[in-house]
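Novice: Take a look at this one; I'll ask things after.
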Amino acid sequence: MIFKRYMVAVIILLVLVTGLILSSVTYREGWKNLRPLPSGYPPAPVNDRTIVIANIPFMNHPQFGIRKPTWSEIKDSLPRFKDLGVDTIMLWGLFTHKPNVELADHIRVYTSDGWKDLAVRQWALCGVDYLTPDMERGNLSELLDMIKTAHSLGLKVIGQLQITLTVPGGYIYDKHPEWILKSIYGETAVFWPWRIAQYGYVVNKAHPELIKFITETVIPTWIEKWGLDGIYLDSPGMAYSDQYICSLCKKIGAAEGSECLTPVDGYYSPEPLVKAIREKIDELEKKLGRKLIFAAEHTLKTWNDTSEKLLLDLIKGKSPFPALFTDKRIDRSLGRYFDWTIDYNFRSILKAVYMGKPVSYSDKFVETIKEEFHLDRRFTETVKFANFWIDFHLFSELLKPEVAGCYLTLATTAPSRILWIGQWQVILRTEILKKKYGYKVDLIEKWYKRLIKIKRSYPALQSDNIEDALIEPRVTRLIAYNRWYGNQSVTVIVNAGNKHITAIINTRFQGDPVLLIDLLSAEIISGKPKRLKVEMPPHSARILVEYKK
């Protein structure tokens, strides 16, 4: 009897010791992310629906002695993009273009006070020739060779179509001024409010001849002749002031820069153009027998399709952000024509986490992420990313070496099957990040490669399912959530703060105890699934899945 009791005590002790070992595996060199994983982790993808888009740099940076990559340079880099996990290449300004601010630093407009000169100060692409590739990057044969190489590697290539604005020297202004929106004075209309949209003249996307040019000439040339796999419609909306906006300006008084300079009579929507492009893409898809993409920057139509509160704020001189991305009263139905759009609000959420704002509490973070399903996600899919080429400096902190893993993990594991890698972050022209910010680009690439592989391997990370998983402690910048699909579950934990935290997590895993592997550190963790104890060093991220030996 004494011997039996002794053996039972030994067995219990072994179980406890084993549990302690499994609950926190310590390596000699200390905790570390991106360690090599055991064979079979992550598993080979099954029914992978992930889309990973790489934004190819397209601007010259004389201050750094850096020019935009040529078509041949892009071609030579494609195997590296493929190895990283990218499946779609995004080309900005593949057509002949010039920055609007280089074509015209001022434009003439007719207002209620007569003719005025307006300074064009906000940078944007202006099309000069939509049927000729950007010759600064090489000739047509080099572009076609690059696209052919991409296809041979299984990569898709999509091109940006910018048809929103024009200035003197631009194709529409010079060749088809009748396609420019007209004011009540019979002259060209400009963007409103000018203080935040100093781009130039507004193109009338409802003009039948413009629609015919885009759908019958430009798109067939790009897709059938050049071999593109789709169109990304940049700035699809039309930002003009109509008579209603002018009446509000008169009623409450407009701040400087918010005046109704060129009022338009009637309602002009981009929807006719967008609908026609969708139909042309579907037609070509059937004709060519290959899947084509029609994506866009956002779902906004016109200011008249927003809310009166937002209009009043604009007139008073306030910023339209973040309301443009978060106001449920805005008509976002344009999204039903697109395969996906850009989720700009997501990077703002990540920046708020970085700053330790209320959304950086785990429950609030998940609640805010879910709000997206009542916005653009009602009509289309959205793309997640941790930064972008637009306003990069405002979100540059998200890619600091010490925290990049945290925010790239949140971007990759958020509810969306589509991930966007912004320019300068990987492979091409990364020296800009090195020179301007001192970032370790090789580290950013390693994070992307690991995270993309994980996302492709787990359908749970491609689903829309998400729930808060943090029990305690409720502190800022500690975020934990469960993702699942069918019987598969994944738990993501991020400590973006600078203190070590012992977190208690409510997972969806089955068993007691559960045996899990962290796909980022390769640590094995065991414990009770409903109160899993996980050590989170400063600036750490974990992606937990079931571990089967």
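The values are calculated or read from the model by the stated rules, or taken from the named source; none is laboratory data. Bear in mind that the values here come from a model prediction, so they are computed numbers and not experimental data. Cβ sites come from the backbone with ideal geometry, for glycine too, and all protein chains shown count toward neighbours.
Novice: Report, ordered by the first and then the second residue, all pairs with beta carbons closer than 9 Å, sequence separation of six or more or different chains, a first member in the stretch 155-175 that is without any contact (Cβ under 8 Å) to a residue 24 or more places away in the chain, and a second member that is in a strand (DSSP E or B).
Specialist: Close Cβ pairs satisfying both conditions: Asp174/Val128; Asp174/Thr166.
Novice: Yes or no: Arg329 of a type in the set (Lys, Arg), under 20 Å from the mean Cα position of the chain (by Cα) and within 21 Å of Glu371 (Cβ to Cβ)? Outline the logic, then answer.
Specialist: Details: of a type in the set (Lys, Arg): yes; under 20 Å from the mean Cα position of the chain (by Cα): no; within 21 Å of Glu371 (Cβ to Cβ): yes.
So Arg329 fails the test.
Novice: On to the next question. On the basis of being within 30 Å of Ile196 (Cα to Cα), without any contact (Cβ under 8 Å) to a residue 40 or more places away in the chain and surrounded by 13 or more Cβ atoms within 10 Å (Cβ to Cβ), does Trp123 make the cut? Before you say what the answer is, go through the steps one by one.
Specialist: Values: within 30 Å of Ile196 (Cα to Cα): yes; without any contact (Cβ under 8 Å) to a residue 40 or more places away in the chain: yes; surrounded by 13 or more Cβ atoms within 10 Å (Cβ to Cβ): yes.
It is true that Trp123 is within 30 Å of Ile196 (Cα to Cα), without any contact (Cβ under 8 Å) to a residue 40 or more places away in the chain and surrounded by 13 or more Cβ atoms within 10 Å (Cβ to Cβ).
Novice: Let me ask something else about it. Report yes if Ile66 is more than 30 Å from Arg456 (Cβ to Cβ), at pLDDT below 95 and buried (at least 16 other Cβ atoms within 10 Å of the Cβ), otherwise no.
Specialist: Details: more than 30 Å from Arg456 (Cβ to Cβ): yes; at pLDDT below 95: yes; buried (at least 16 other Cβ atoms within 10 Å of the Cβ): yes.
For Ile66, the condition - more than 30 Å from Arg456 (Cβ to Cβ), at pLDDT below 95 and buried (at least 16 other Cβ atoms within 10 Å of the Cβ) - is met.
Novice: Does the stretch 225-248 contain at least one residue that is farther than 30 Å from Asp145 by Cα, surrounded by fewer than 17 Cβ atoms within 10 Å (Cβ to Cβ) and either of a type outside the set (S, T, N, Q) or touching a Ser or Thr at 6+ places or on another chain (Cβ under 8 Å) (or both)?
Specialist: yes
Novice: Here is a further query. So for the stretch 414-421 (the condition being part of a helix (DSSP H, G or I) and either among the acidic types (Asp, Glu) or outside the structural domain of Ala522 (by TED's automatic domain parsing) (or both)), does at least one residue qualify?
Specialist: No - not one qualifying residue is present in the stretch 414-421.
Novice: So for the stretch 130-139 (the condition being basic (Lys, Arg), loosely packed, with under 15 Cβ neighbours inside 10 Å, modelled with pLDDT of 95 or more and within 15 Å of Leu91 (Cα to Cα)), does at least one residue qualify? Let's see the steps before the verdict.
Specialist: Of the stretch 130-139, the ones basic (Lys, Arg) are 137.
Add one more test, that the residue is loosely packed, with under 15 Cβ neighbours inside 10 Å, and what stays is none.
Scanning the stretch 130-139 turns up no residue that is basic (Lys, Arg), loosely packed, with under 15 Cβ neighbours inside 10 Å, modelled with pLDDT of 95 or more and within 15 Å of Leu91 (Cα to Cα).
Novice: Which numbered condition in (1) at pLDDT 95 or above; (2) in contact with a helix residue (DSSP H, G or I) (Cβ under 8 Å, 6 or more places away or on another chain) is the only one that Ala323 fails?
Specialist: (1)
Novice: If you don't mind, there's one more thing I want to ask. State whether one or more residues within the stretch 190-204 are surrounded by fewer than 19 Cβ atoms within 10 Å (Cβ to Cβ), more than 30 Å from Tyr344 (Cα to Cα) and in contact (Cβ under 8 Å) with a residue 40 or more places away in the chain.
Specialist: no
Novice: For the stretch 343-357, which residues satisfy the criterion of being under 19 Å from Glu467 (Cβ atoms) and either in contact with a strand residue (DSSP E or B) (Cβ under 6 Å, 6 or more places away or on another chain) or surrounded by fewer than 20 Cβ atoms within 10 Å (Cβ to Cβ) (or both)?
Specialist: Selection gives Phe346 alone.
Novice: Now a separate question. Step by step: first the residues of the stretch 508-523, then only those that are acidic (Asp, Glu) and either in a loop (DSSP other than H, G, I, E, B) or not assigned by TED's automatic domain parsing to the domain that holds Gly486 (or both), then the one that is farthest from Ile471 (Cα to Cα). Which residue is that?
Specialist: Top of the filtered list is Glu523.
Novice: Then there's this: Quick check on Arg290: is it of a type in the set (Lys, Arg), surrounded by fewer than 21 Cβ atoms within 10 Å (Cβ to Cβ) and in contact with a strand residue (DSSP E or B) (Cβ under 8 Å, 6 or more places away or on another chain)?
Specialist: no
Novice: Just a yes or no: is a residue in the stretch 442-460 of a type in the set (Gly, Ala, Ser) and in a loop (DSSP other than H, G, I, E, B)?
Specialist: There is no residue in the stretch 442-460 that is of a type in the set (Gly, Ala, Ser) and in a loop (DSSP other than H, G, I, E, B).
Novice: Separate question: Looking for whichever is in contact (Cβ under 8 Å) with a residue 12 or more places away in the chain and either in contact with a Cys (Cβ under 8 Å, 6 or more places away or on another chain) or surrounded by fewer than 22 Cβ atoms within 10 Å (Cβ to Cβ) (or both) here; the options are Ile505, Ile524. Which one fits?
Specialist: Answer to the check: Ile524.
Novice: Before we move on, is Asn47 in contact with a helix residue (DSSP H, G or I) (Cβ under 6 Å, 6 or more places away or on another chain), among the polar types (S, T, N, Q) and in contact (Cβ under 8 Å) with a residue 60 or more places away in the chain?
Specialist: no
Novice: Continuing with this model, one more query. Take the residues of the stretch 333-351 that are of a type in the set (Ser, Thr, Tyr) and out of contact with any Gly (no Cβ under 9 Å at 6 or more places or on another chain): which is farthest from Leu300 (Cα to Cα)?
Specialist: Only one residue fits best here, namely Ser348.
Novice: Next up: Answer yes or no as to whether Lys499 is charged (D, E, K, R), in a loop (DSSP other than H, G, I, E, B), modelled with pLDDT of 95 or more and under 23 Å from Tyr458 (Cβ atoms).
Specialist: no
Novice: Pick out the one residue from Val545, Val534, Val441, Val492 that is at pLDDT below 95, surrounded by 18 or more Cβ atoms within 10 Å (Cβ to Cβ) and not aromatic (Phe, Trp, Tyr).
Specialist: Within the list Val545, Val534, Val441, Val492, the selection yields Val441.
Every residue, every condition in (1) at pLDDT 95 or above; (2) assigned to a helix (DSSP H, G or I), yes or no:
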| position | (1), (2) |
| --- | --- |
| Val8 | no, yes |
| Leu13 | no, yes |
| Trp31 | no, no |
| Pro38 | yes, no |
| Pro43 | yes, no |
| Ser72 | yes, yes |
| Asp83 | yes, yes |
| His97 | yes, no |
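Novice: For Ile147, indicate whether it is within 26 Å of the chain's Cα centre (by Cα), buried (at least 19 other Cβ atoms within 10 Å of the Cβ), closer than 20 Å to Lys75 by Cα and in contact (Cβ under 8 Å) with a residue 40 or more places away in the chain.
Specialist: yes
Novice: Could you list, in sequence order, all residues of the stretch 309-324 that are without any contact (Cβ under 8 Å) to a residue 60 or more places away in the chain and closer than 25 Å to Val264 by Cα?
Specialist: Result: Lys309, Leu310, Asp313, Lys318, Phe321, Ala323, Leu324.
Novice: Moving on to the next point. If you go through the stretch 455-488, how many residues are among the basic types (Lys, Arg), surrounded by 18 or more Cβ atoms within 10 Å (Cβ to Cβ) and in the same structural domain as Asp518 (by TED's automatic domain parsing)?
Specialist: 2
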